[in-house]
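What follows is a short report on a single structure.
The values are calculated or read from the model by the stated rules, or taken from the named source; none is laboratory data. Just so you know, these numbers come straight off a predicted model, no measurement behind them. Quick reminder, even Gly has a Cβ in these numbers, built from the backbone with ideal geometry, and neighbours come from all protein chains shown. The protein model used for the area step is the full one, side chains on, heavy atoms only, and it has no ligands, DNA or RNA in it. Shrake-Rupley method; radii C 1.70, N 1.55, O 1.52, S 1.80 Å.
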Amino acid sequence: RRGQLLRLEDAVVKLVAFAMLVPSLVLLGVWTVYPVVKAVQLGHLRCDSTGQRCRDAGWGQYRDAFLSHEFQQALLVSVKLAVMTVPTGLALGVGLAVLADKHLRGIGAFRTIFSSTVATSVAVASLVWFVLLQPEIGVLSDLFSRWIPQLKNPGLLRDPDTALPAVALSSIWASLGFTFIVITAGLQGIPRELQESAFVDGAGGWRRFTNVTLPLLSPTLLFTTVVLTSRAFQAYGEI
């Protein structure tokens, strides 16, 4: 009888869990799964200029798109943007999070400053950097043009060699608040006892960071890397 009660309790728990998941599953199906399936279905159709007289073209249109010069060039630029933004943004986020993890007076103000960009939209951040990098009125152009002549002539955003790094700079700044918050949460989840034990054993600050902090922070770093890479490949507002 006890076994029957346990099985009944397990079945009730599974039923309640499924009932709680149903709303999310419905939303996921309506707003994610169905649009993807419908988009793939429509991608098989070849229609005239009016959108009528459609016929099934199979996977040929996808093959043409993937093999086109435009798609390959766009993919290459996206990879370059990811290479520029992800490692740098991750390193800056870790560095700021480690600095802000100290128990010092007034450190809360610095945490607020470091995380403030998370409240800034992509459009606002892009416009801010667009103005800062303007050759005629940009503050950065006035301050650093002596060392970086491209800031004034022709301007970072007007030079094909520097346009992408300039966009990457604004993207790193816009994502830094999110990276800082996530990594700070990961640092706070590391037991202080491990740091104290390493300190008692004679490990210096750098050794404690590489042998204790980084290994325990690896799941958070993996999550942040995936999110930043996804953002880099979906960059549209910055461009």
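Per-structure values
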| quantity | calculated |
| --- | --- |
| Karplus-derived HN-Hα couplings along the range 129-137 (A = 6.51, B = -1.76, C = 1.60, θ = phi - 60°), whole Hz, x at Gly and Pro | 6, 4, 6, 4, 8, 5, x, 7, 10 |
| Inter-label distance for THR50 and VAL37, nm, one decimal - labels placed 7 Å from Cα along Cα-to-Cβ | 3.2 |
| Dimensionless Rg over Rh [the range 53-168; C-alpha; Kirkwood] | 1.15 |
| Inter-part distance where the range 76-114 and the range 1-37 are each reduced to a Cα centre, Å | 38 |
| Solvent accessible area, Å² - ILE190, 1.4 Å probe, full protein context | 10 |
| Kirkwood-Stokes translational diffusion coefficient of the range 111-239, alpha-carbon pairs, 10 °C, 1.306 mPa s, µm²/s | 93 |
| Cα convex hull of the range 20-66 - mean projected area over all directions, nm² | 4.4 |
| Whole-Å semi-axes of the ellipsoid equivalent to the range 52-94 (Cα gyration tensor, √5λ, descending) | 37, 11, 7 |
| Accessible area (Å², per residue) of the range 170-211, counting only protein heavy atoms and a probe of 1.4 Å | 56 |
| Stretchable slack from LEU76 to GLU193, in nm (0.36 nm times residue separation minus alpha-carbon distance) | 37.6 nm |
| Neighbour net charge for GLN150 - beta-carbon separation under 15 angstrom, K R +1, D E -1 | -1 |
| For the chain, size of Cβ-based charge dipole, Lys and Arg +1, Asp and Glu -1, in debye | 580 |
| Within the accessible area of the chain (1.4 Å probe), percent carbon and sulfur | 67 |
| Trypsin sites (Lys or Arg not before Pro) restricted to the range 17-93 and DSSP loop, no more than 16 other C-beta within 10 Å | ARG53 |
| Rounded D (µm²/s) - the chain, Kirkwood Rh over Cα pairs, Stokes-Einstein at 37 °C, 0.692 mPa s | 144 |
| The range 176-219: radius of gyration over Cα atoms, expressed as a fraction of 2.2 N^0.38 Å | 1.21 |
| Global form of the range 1-117, assessed from the alpha-carbon gyration tensor, a/c cut-off 1.5 | oblate |
| Candidates per chymotrypsin sites (Phe, Trp or Tyr not before Pro) in the range 59-132, loop by DSSP, up to 11 other Cβ within 10 Å | TRP59 |
